[in-house]
Amino acid sequence: MLYIEFTSRRPQPGVRETDNGTLSLEPFASQLQRFHRAVLAGQSGWESSWSEDEMIFSIGRTWRLGPEPEYLTVWYTPTAGLKRIDDWDEVFRSGEADEIDKPFRELARIDRAGCYDALLDPKRQRNGIYYAEFFDPLGSDDVIRELYVKRAAAHPNLTLALCAVRIGKLAPDPGGLAVWTLPSYGALASIARDLDGTTDPVRLETAGVYNDVGREIL
C-alpha cells in the first residue's frame, strides 16, 4: 500500500521567546527553517523506527507551480495493505511516536492523506526536480499501467518514480498520481503537454513541479 500525505505549513505567530525570556520578532526565513527541520526530523525518525514503511520522497511545490497543499510525502509499505493502519493506530495511541510527532505537528498540518495502489514499483528518489501529474483514472489499472510504461519508454531521460491510483475513494480527487524525476526544469517541455486532450484511460486534472523539502522555492 501507498500512503500519501498532503501537508501545509501551520501559520506561526512571528514572535519567539529568547533565551533571556524576552520576545523577539522571528523572520519568515527562520520560521521556514524550523518547519523544514521538524518535517525532516519527524519523517526520518519514523522511517528509522518503523522500517516497514519506506519514504519514497518528501517534496514541496517549487516556483509556485502546482496545487495546494504545497507538500506531499509518499510512504510505501510493500508487505501490508490497509491493515497497516491498525499498526499505526496502535503506535500513535500508545504515545510511542510522540517524540517525533509533536514537533512535526506544531509546525506542519497534514490536510489530507490517501491510500493508493501502486501500478508500478515506486522508486525512491532524493535531490531531484519532480513533475507530478494528478489524473482522473478513467480506465482499468492494467490499461493505465500500460500507458505509463509506454510513456516511460518514450522519455528515457526521465524517471517514472510513482504511478498510483487510489483505493476506492480513500484519497482526494482526482484519484490518480504519477511523479516523474527530471534532470532539469527545461525537461518539462518534453512531457508537460503529453496528456493534453487525452481522456482515456486517464484525464489530467492538474500538475505541479516540486523539489525535496528544504530545497523548494516559495
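Residues that are open to solvent by less than 20 Å² (accessible area, probe 1.4 Å) and in contact (Cβ under 8 Å) with a residue 60 or more places away in the chain occur in segment 135-144; there is at least one.
Of all the listed residues (R126, R203), the sole one being within 28 Å of F35 (Cα to Cα), in contact (Cβ under 8 Å) with a residue 60 or more places away in the chain and among the basic types (K, R) is R126. Summed over segment 42-53, residues that are loosely packed, with under 14 Cβ neighbours inside 10 Å and in contact (Cβ under 8 Å) with a residue 12 or more places away in the chain total 2. Listed conditions (1) touching a residue at least 40 places away in the same chain (Cβ under 8 Å); (2) surrounded by fewer than 18 Cβ atoms within 10 Å (Cβ to Cβ) are all met by K150, apart from (1).
Inspect all residues belonging to segment 15-31 and state whether any of them is closer than 28 Å to Y185 by Cα and under 17 Å from the mean Cα position of the chain (by Cα). Among the residues of segment 15-31, not one is closer than 28 Å to Y185 by Cα and under 17 Å from the mean Cα position of the chain (by Cα), which makes the answer no. Residues that are open to solvent by 30 Å² or more (accessible area, probe 1.4 Å) and either closer than 22 Å to A164 by Cβ or assigned to a strand (DSSP E or B) (or both) within segment 197-206 comprise T198, T199, D200, R203, L204, E205, T206, listed in sequence order.
Of the numbered conditions (1) within 25 Å of W50 (Cβ to Cβ); (2) assigned to a strand (DSSP E or B), W180 fails exactly one; give the number of that condition. Unmet for W180, out of (1) within 25 Å of W50 (Cβ to Cβ); (2) assigned to a strand (DSSP E or B): (1).
The values are calculated or read from the model by the stated rules, or taken from the named source; none is laboratory data. What you are looking at is a predicted structure, and each value in this text was computed from that prediction instead of being measured. All Cβ positions, even for glycine, are placed from backbone atoms using ideal geometry, and neighbour counts span all protein chains on display. The protein model used for the area step is the full one, side chains on, heavy atoms only, and it has no ligands, DNA or RNA in it. Shrake-Rupley method; radii C 1.70, N 1.55, O 1.52, S 1.80 Å.
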